[in-house]
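Nothing in this text is a laboratory measurement; each read-out follows from the coordinates by a stated rule. Note that this is a predicted model, so its numbers are computed, not measured. Using ideal geometry, Cβ is built from the backbone for each residue, glycine included, and neighbour counts are taken over all protein chains shown.
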Ligand SMILES: [Zn+2]
């Protein structure tokens, strides 16, 4: 297989580090000197990872080295009611006790959800625990600066795939207008900040005032980016357009012309087929700046994750581990080249090749781990019989253990995929994975 010379790109936010392949668009990179890509983004619930507490992650090296390095997504509806809780010493990392090694994406919508309230050209409507709230550009920008997430996904108007063409047109236009407004606000804030900072330096000490963005004073955020006068929130633009390839291309082209820091390919998992998603991604990815990070929102299962990576996606928001957990399943799909202890092949697990229902009576006396050979915290310490008992007793620990395993296993799949990309054998990896499911 031919490979060209090693390529390193591109900016302070995202670096591509890999051997450039002649056969695959899959690529490896590093986001904010912190997160290796390709990778998955985990959804949060009330600003925290569901079912797993930060102290549990900190207490276990395996968890810390795997789940402890995954990026999280926090939606606007989870922070808008608590806006006043954030200040210069209490950004979203500190507020929610999320480690600096977990990059935080601030987002208008989470994977697997859809905004139900009415939206117009001025604002998006979100559902909060205290009822509906309208989010306009001013509010969103203010929140961005309040919580100081590592990366902000621009305000966007996502609609279901079966919405009318006019509605999709409207959603693309609104999303672009909101993105332009946010970029302008970003630039103006930095300009004002610089002027105030310069002015303050020339004035007596008593007259010095701390530089502030809309009431938010300077500080350092969790990834060490100084929030001084030159700090500018990192902003990713969102490409929409449903399954209309022409509209998608317009959205991609217009977004690519703007000085965004990365791209989010949104409006997925909203009714499109796999073939439609593949066609759209294949059409629009080449239109984006190849040196900027690309995020896909969302993927439903491990194969969708691997196919997205094959098309050149760097980060994938994926709720699959949580959905499996909620249904009482443990993932058992085989990861190519991964060695399992005790010479037990994971396909020997009863119940299927991708998942087993831990509520099943046959596990009542099964003393094997969820997936024999898996190195996760749950598999190393607990048996199927115990998880089966916890599920039947409606103990929350059952879901905690299942989620730890399911999330760890997907993370293992993606980290193994990275090794194959670096060896320029990614297509073989995907084929081997698919064969393992037969
Ligand atoms: Zn496990």
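Tabulated data for the structure shown
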{"item": "Extended-chain gain in nm, criterion 0.36 nm per residue less alpha-carbon gap, residue 389 and residue 419", "result": "7.1 nm"}
{"item": "Fully extended contour minus Cα-Cα distance, from residue 323 to residue 364, at 0.36 nm per residue", "result": "12.5 nm"}
{"item": "Approximate spin-label separation residue 180-residue 380, in nm, with each point projected 7 Å along Cα-to-Cβ", "result": "5.4 nm"}
{"item": "Cβ-derived FRET efficiency at R0 25 Å, residue 257 paired with residue 121, nearest 0.05", "result": "0.75"}
{"item": "Sites residue 273 and residue 59, calculated FRET efficiency, Cβ-Cβ separation with R0 56 Å, nearest 0.05", "result": "0.85"}
{"item": "Separation of alpha-carbon centers, the range 129-159 and the range 15-90, rounded to whole Å", "result": "19 Å"}
{"item": "Gained length - residue 283 relative to residue 169, 0.36 nm times residue gap less alpha-carbon distance", "result": "39.2 nm"}
{"item": "Gyration tensor (alpha-carbon) shape descriptor, the range 326-430, a/c threshold 1.5", "result": "prolate"}
{"item": "Inter-probe distance in nm under a simple model that places probes 7 Å from Cα toward Cβ, at residue 128 and residue 188", "result": "2.3 nm"}
